Each structure stands twice: as structure tokens, then as C-alpha cells.
Amino acid sequence: MSDILVLGAGPAGAAVALGLKRLGHAVRVVGEGRRFAAVEGVSQRVLDGLRQAGLNQALACAAAPSPRRVLWNGDGQSINQECLLDRARFDAALRQDLREAGVEVVEARVLKVDSGADGHHVRIEPGEALRADFLVEARGRSAPLAGGRLRGPETLSLLNQWQDAPGRPGSAVESLPDGWAWMARLADGRCYWQITLDARDLPPKEQLPAYCAQRRRQSTLVRELYGAAALQPASLHARSSTAILFHEASGPNWLRVGDAAMAVDPLSGNGIFQSLSSALQAPAVINTILQCPERAELARRFHQRRVEHLFLRFARTGRDFYALEQRWPGQPFWRERRQWPDAQPLHAAADFSQVRVERAPVIHGDLIEEQDVVVTADQPLGIWHLQGIPLAPIVTALQRGEQGRALEALPEPQRRLVQGWLLAQGYRP
Ligand code: FAD
């Protein structure tokens, strides 16, 4: 059995470690707690992902959905919901989930990693060394990310925090001439305000607290959510929020997951969701690399393609959301972001003549294997099953003109399901 070491105990590292433990691998996690207080908003599908990963203590940290006001492109009507997460509590609960599952968690800072074909030597604070055969890099944006294969416009988020009296929780997001701001108020009175700007437009570091105070003062939404207390002094933390896709998502004896593989623009509000998505597939990828070395390249290709696909999907989602704000078309912040990463539509139009059957890597149980999948314009990675029904034989038969044979063998409810899917792909009998 190989020794696997996971660097970082955020949602991605925790989900991978739990998955590997379940597959019977010897896995350890080394991670240090977050160095700043932050609150983040998540949707129901993040809660579903946490449940799927078995991260139940972490799941319990999510506050009940609270109203979120959206003031975008001058439209102040839009109201939806999000669940607020106190990240320090959430991160501690992730470590608790790991310990309860029997995963060893070393609470320490990773100082240096030396990797070679014979394994990895990891130096941790205060100077101890750990050795591993396989390494999972899950240190989020703190993982070495220099360069990156694809990098969005350089972006910085400034986070202010202050304390107010307990009250009704809620959050809001508003577009500004040179960026956007997200704000949240927890039931216990903790208040967070975060402005995201182009990294090139910022005043010098020593002027940032006064700059933030002035920006808060200018916002009517800030006054509505927090009242006059928003103008009191606040702590400040700056962090990069540039979208970055790392060069390679894996090597022969290492794998990157979560933000360490691809960090998305926080505007999409999907950071934790994407980090769980790449982490939930990783145990099967690592299991294949270690148990079936002849399929290691296939498994790595599977991981790489999915990471790139997710990154581009979120980058295009962000681009389309930036494009909805039309009041400042000449401002560099908006001009650049509504064009990045490309002009391709988020969803390609259905066209059955473009649908084809291909061999591609898929997850089957705990391993990656190659199967016939159906590739469509909107699903370039291919679809193997539709609720358990293999699609490739059906599409092949239809393309040969054997319409009856393709569908007749299926029981009625399944036939209707497949017919619905085919119509959505542009198929016309
Ligand atoms: P992380 O959560 O960053 O976890 C990495 C872990 O590794 C941390 O525990 C860290 O302490 C540890 N670590 C780092 N370096 C070391 C080291 N040297 N030694 C030991 N341990 C180390 N996502 C949302 O879903 N909703 C939001 O509202 C939201 N808002 C965001 C706002 C901003 C400004 C930014 C930048 C991101 C936001 N995100 C949001 C994204 C979200 O924070 C990340 O996508 C998500 O946490 C990534 O999970 P991860 O496990 O990959 O990395």
C-alpha cells in the first residue's frame, strides 16, 4: 500500500482524503488553519456535495438560507438566497470530519516539498519531515501557482470585518464603476464587506483601510444592510481572486485538486462547489494510478480534461455575468472581464448531426476505465449513461438508421427518458 499525503485540509483536501480512506488507502493530511476570518456564501448544491463527500460536521456549519439582495446593472429588484459559512468554523469542522473517519491530521504549516520519482519529502513546521509515495496538492491558492496555463485579469479582493449587535442575517452583492462588492451579516452581529477590484487600480497598501472606509460610506446598499455601524473602523485582509488554471493537474505520483488545480473568480459564487467537484473524482483517479499503472495515463487524462472543462465553464459563467452590467462599458474592469476567457457560448446549441460516439475515460466504481461515450457540442467530455442506460449503443443504432432497434428493447419509462434526451440533442425521428 502506498503512503498518500494530502497537503491542505480545505474542502478539496478533506474530500479527497475521506474518499481515499474509504477505498482502503493509507492517507494522512497535513494542513494549517486559515490565517484570517472570512465568511463565504454557498448554494444548496455545495451542501449536497458536502453530504456526498461525507463531510457532515462541515455541512452542519452552514447557516440556514438567508436573503441575498442583488443590485446589478442598476436593477435593485432581484432577491435570492444563499447559506452563509463562517470559514474558520467550517475549516475546523472539516478537520473534525477527517479525524472522526480515522484519518490522521497533522496540524502544521508545510514549508518545503522535494519531489522525485522515488517519492516526496515534505518539511513541515517546526522542521519535522514527512515522506510520501503519492502527494495530493490541495493547499488552495497558497499552493505554488506561478504563471498558470490560463490566467484571468489580475484581481484583488479586500475584506473588511467588524462587530455589530446580533440581528437578522443576510447578504448582498452590488456592481460598482470599477468592480463589485459582496457583503454579509451573520446572526451573531459579525459583519463582512468585500470589494473586488482590478489589482492594477489599487491605492498604496497603507492607504487601503481609509480607502475601504470611504467606499463603504458611498454605498446605499451598505447603509441598508448594516446601518450606521458600517462606518466604524474595520479589520482588513487582502487576497488575490484572479482566476487561474494551473499547468498540469497531475504527474506520475501527484495530483492537484480544488483551487490548487484551478481557482475561479469568486463572482461565480462557486469556488467551494468547483473544489469539491474536482476532489470527488480524485480518489478513483489516484486509485487507478496506484492499482492499475497500465491505466495511469488514462486516469490522468480524465482528471485533466475535467479540471479544464470545469474551469472554462465557470470562467464563461463569470464572463456572462459581467456582461450583464452595461453601465460602464468603457471601464477597463468591465471591458476586460466581459471578454475573458473567450467568446464561446456557455452552452452550445443542440445539433444531432454533430453528435458522435467516442472512446473516453469514465469513472466506473472506484476506477477509471475507457468506454464508448456520446459526445455532444454541449458535453465535449462525453456521456456514458443516462440514469443507468448506456447511450452509445442507442446513438450508434440511430446513426445507422435502425431507429426501432435502438429504442424498442427499453422498458417504457426508460424509452421515454431516452426519447426526451434525444429530442433535446436535436434528434428528429
Ligand atoms: P482552501 O479552502 O483554500 O484550503 C486550502 C487549505 O490549505 C487551507 O486550510 C489552508 O490553510 C491550507 N494551507 C495553505 N497553505 C498551507 C501550507 N503551506 N501548509 C499547510 N496548510 C496550508 N467560494 C464559495 O463557494 N463562495 C464564496 O462566497 C466564495 N468567496 C470567495 C471570495 C474570495 C475573495 C476568494 C479568493 C475566494 C472565494 N471563494 C468562494 C472560493 C473558495 O474560498 C475556494 O474556492 C475554496 O475554499 C477552495 O477550496 P480548497 O480546498 O481547494 O482550498
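The values are calculated or read from the model by the stated rules, or taken from the named source; none is laboratory data. If you're wondering where the values come from, they're calculated on a predicted model, not measured in any experiment. Neighbour counts run over all protein chains shown; Cβ positions are idealised from the backbone, glycine included. Ligands, DNA and RNA are excluded from the accessible area calculation, which covers all protein heavy atoms including side chains. Shrake-Rupley method; radii C 1.70, N 1.55, O 1.52, S 1.80 Å.
Table for the structure above
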{"item": "Relative contact order (percent, whole number), the chain, Cα cutoff 8 Å, 6+ residue spacing", "result": "14"}
{"item": "Cα-based equivalent ellipsoid, the stretch 159-295: semi-axes from gyration tensor eigenvalues, Å", "result": "39, 18, 12"}
{"item": "Rounded to 10°, Cα long-axis angle of helix 87-100 versus longest principal axis of the chain", "result": "40"}
{"item": "Protein accessible area in the stretch 141-228, 1.4 Å probe - carbon and sulfur %", "result": "55"}
{"item": "Kirkwood estimate for the stretch 352-424, i.e. one over the average of 1/r between Cα atoms, Å", "result": "12.7"}
{"item": "Which of 71, 291, 425, positive extreme of dipole for the chain (C-beta unit charges)", "result": "71"}
{"item": "For the stretch 221-325, fraction of C-alpha pairs farther apart than 18 Å, in %", "result": "58"}
{"item": "Globularity ratio of the stretch 290-343, using Cα Rg and 2.2 N^0.38 Å", "result": "1.76"}
{"item": "Carbon + sulfur, % of accessible area of the stretch 268-345 - ligands and nucleic acids excluded, 1.4 Å", "result": "53"}
{"item": "Volume of the Cα convex hull of the chain, divided per residue and given in Å³", "result": "167"}
{"item": "Nearest-ten-degree value, helix 271-291 long axis tilted from longest Cα axis of the chain", "result": "40"}
{"item": "Probe 1.4 Å, protein heavy atoms only - accessible area per residue of the chain in square angstrom", "result": "45"}
{"item": "Cα centroid separation - the stretch 193-256 against the stretch 371-421, whole Å", "result": "47"}
